[in-house]
Amino acid sequence: MKKIDVHIHSSMWENARIQPGCILASPEEIKESYRELDIDKGFLLPLISPEYRFCVQTNEEMEYLATKYSDTFYWFCNIDPRMGFNRPDYDLSEMLMYYKQKGAIGVGEVTASLEFDDPLVENLFYHCAECDLPVTIHIGHQKYDCYGILDDLHLPKLEKMLKKYPKLKILGHSACFWSEIDGNVTNETRYAYPTGKVEEGAIVRLMRKYPNLYCDCSAGSGFNAITRDEDFGYKFIEEFSDRLMYGTDICQPHQKTYLASWLDNAFEKSCISYENYYKFCRGNAIRIFNLNLDK
Ligand SMILES: [Zn+2]
């Protein structure tokens, strides 16, 4: 099954760095990885906040790449909550609608080290909801030596936002999000990749309670959460089949990811149904982001 990748990073610049000694994959390198992984489309997410290490990208760069490689890429715009004079009442809809009209289909990933309920972050969520743009969030666990919107153990602040902005589609992502699949997660393990059996945790509770919460299953964190206890993973896919999306979070050239082959195997072994396999791999992304595919 061809997949749609809801989370990818690339650059138009040959030497754009994500950290010292480590460059971002070029679009051609991403396309090579996509051929190996049987992915036909990906969503380019700009890294616009300074917390994420080395280079800061622009929305315009993503638009440029998605136009140049329109057979492969869609793009997200990204708005740091501090944009607009660092004002919690700034009309961010103006910027969001500008990029939406230029073709952006979502917002993120938001990596700013601000609390979920910081008035600046709330303002961004309010405007994303108003503009009907889904937002991908990277959750962090501490203000320093970390990046991502800050929440506490078991994600009480994410819950507050899900409740306050029911129209807003939030795509959860990052280790601090995914470790909460298991109720036994602690302050010591929440930013890591805990392994072993899963007992229903905050994600399961929030997914049941808030239909506006979605899962970006990219990166090692998404893969680990879904596969660490396979029987639980199959049930999770079954129960939330309409809100899980495949992704890679590839940043570097030739970066290896494992979720695609795991999903293919799960379907071949009849551990997940064809319908749910399709939804996870591409159907949900097509529906949620109104993509003109498979029609
Ligand atoms: Zn990412």
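Bear in mind that the values in this text are calculations on the coordinates, not laboratory data. Everything numeric here is computed off the predicted structure, so don't read it as measured data. A quick note on method: Cβ atoms are made from the backbone with ideal geometry, for glycine too, and the neighbour counts reach across all protein chains shown.
Between the stretch 1-49 and the stretch 167-228, how far is it from one alpha carbon centroid to the other, in angstrom? Taking the Cα centre of each part, the stretch 1-49 and the stretch 167-228 sit 23 Å apart.
A simple rule links phi to the HN-Hα coupling: the Karplus curve 6.51 cos²θ - 1.76 cosθ + 1.60 with θ = phi - 60°, which for the stretch 207-218 gives 5, 5, 8, 10, x, 8, 9, 10, 10, 8, 8, 6 Hz, with x for Gly and Pro. Quick one: of the DSSP bridges fully inside the chain, what percent are antiparallel, nearest 5? Counting only bridges with both partners in the chain, antiparallel ones make up about 10 percent. Rounded to the nearest 500, the helix-only mean residue ellipticity at 222 nm of the chain stands at -9500 deg cm²/dmol, with each DSSP H run of n ≥ 4 adding -39,500 (n - 2.57). Using C-alpha pairs under 8 Å with a sequence gap of at least 6, the mean separation divided by the residue count of the stretch 3-288 gives a relative contact order of 17 percent.
The distance separating the Cα centre of the stretch 242-295 from that of the stretch 64-87 comes to 23 Å.
Shown in residue order for the stretch 175-189 are the 3J(HN,Hα) couplings computed by the Karplus curve 6.51 cos²θ - 1.76 cosθ + 1.60 at θ = phi - 60°: 4, 5, 6, 6, 5, 7, 5, 10, x, 8, 5, 10, 4, 7, 10 Hz (x for Gly and Pro). The Cα atoms of the stretch 93-247 define a convex hull whose projected area, averaged across directions, is 8.6 nm².
Compared with the direct C-alpha span, the chain from SER93 to GLU275 gains 61.9 nm at full extension, assuming 0.36 nm per residue.
Between TRP262 and CYS22, what is the FRET efficiency for a Förster distance of 25 Å, r being their Cβ-Cβ separation, to the nearest 0.05? In this case the efficiency is close to 0.45. Global dimensions of the chain from alpha-carbon coordinates: Rg and Dmax equal 17.7, 54 Å.
Modelled spin labels at HIS154 and ASP294, positioned 7 Å past Cα toward Cβ, are 3.6 nm from each other. Only Cα pairs under 8 Å and at least 6 apart count here; give the relative contact order of the stretch 89-216 as a rounded whole percent. Result for the stretch 89-216 is 22 percent.
When the listed pairs LYS160/LYS209; LYS41/LYS167; LYS41/LYS235; LYS3/LYS68 are checked against a 23 Å cut-off, the alpha-carbon distance exceeds it for LYS41/LYS167; LYS41/LYS235. Taking amide H atoms as placed 1.01 Å from N in the peptide plane, the amide H of VAL198 has no partner under 5 Å among residues 5 or more positions away or on other chains. Restricting attention to the stretch 49-125, which trypsin sites (Lys or Arg not before Pro) occupy a DSSP loop and are surrounded by at most 15 other Cβ atoms within 10 Å? Answer by residue number: ARG53, LYS102.
Given the options HIS254, HIS138, HIS173, state which has the largest fluctuation in a GNM of the chain using a 10 Å cut-off (strictly under) for Cα springs. Maximum fluctuation in the GNM of the chain, among the listed residues, is at HIS254.
Could you quote the convex hull projected area for the stretch 154-241, Cα atoms only and averaged over all directions, in nm²?
Answer in nm², one decimal: 5.0.
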